[in-house]
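What follows draws every value from the coordinates through simple rules; no lab data is involved. It should be emphasised that the depicted structure is a prediction, and the values quoted were computed from it without experimental measurement. Here Cβ is always computed from backbone atoms with ideal geometry, including for glycine, and neighbour counts include all displayed protein chains.
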């Protein structure tokens, strides 16, 4: 019996090293819902722009990569499927967001998804992503004593509704230490500290649902989230953004210092994973 091919929106690139990279927010496909959004640009503006391109060197390190091309505005595969907030008391977006990070409504009046539709989107897009991610973690854990799950993200440096001031360049999240061994987060932080970029561990972003659900240190699966402030790899404009300004184009020369730092970070993850627990 042959295994059915994954849906076209789900991209899995397999490697043999004990490292899985997750890309839950790089997608921009609005599928059949595009006409219901007030603005397709607004529905795409909070994407983790060019992050998959930023990390494309990871294949040469032997990493496995799991990526969805579906926009987070259709469904956010890094949210708790129950709808429980990952950051109680702080502004955030839902499993199927109805606003942008800036608080702007996404849907035309009366076009917001119903509970039944949210469940349908979960079955269609959310569940397959997590099933694929889980399968790759298991595949690698079956042959390696440790596996690191590295969840790749980026966000605009200044979003007053979500946080005050400008974010550090590197925002390392480990669910306050619950999703991985401290030796892993310490190693990643040490690489960040050795660069010209700023960093913080478990600051505003402590890791989303992927980090929290995948990280099982007792089972030797260690998960860490990296939220990059976009200015570190894109020539990000300051202040309000508009369709003619955003997203900024990817510039390999501008991104080179960040790519070099990220390569060091992933090498630190692999060094941690290669040690016997």
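Listed values, structure above:
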| quantity | calculated |
| --- | --- |
| Theoretical gain in end-to-end length, residue 161 to residue 32 [0.36 nm per residue, Cα-Cα removed] | 43.5 nm |
| Nearest-0.05 FRET efficiency for residue 252 and residue 80, computed from C-beta distance (R0 30 Å) | 0.25 |
| Rg/Rg_ref, region 10-274, where Rg_ref = 2.2 N^0.38 Å and atoms are Cα | 0.96 |
| Pair residue 144, residue 271: separation of 7 Å Cα→Cβ label points (nm) | 1.6 |
| DSSP-defined beta bridges in the chain - what % are antiparallel, rounded to 5 | 35 |
| Computed [θ] at 222 nm, deg cm²/dmol, the chain (DSSP H ≥ 4; -39,500 (n - 2.57); rounded to nearest 500) | -7500 deg cm²/dmol |
| Label-to-label distance, nm, for residues given as residue 41 and residue 241 (7 Å Cα→Cβ offset) | 1.2 |
| Added length on full extension, which subtracts the Cα-Cα distance from 0.36 nm per residue, residue 104 to residue 219 | 37.3 nm |
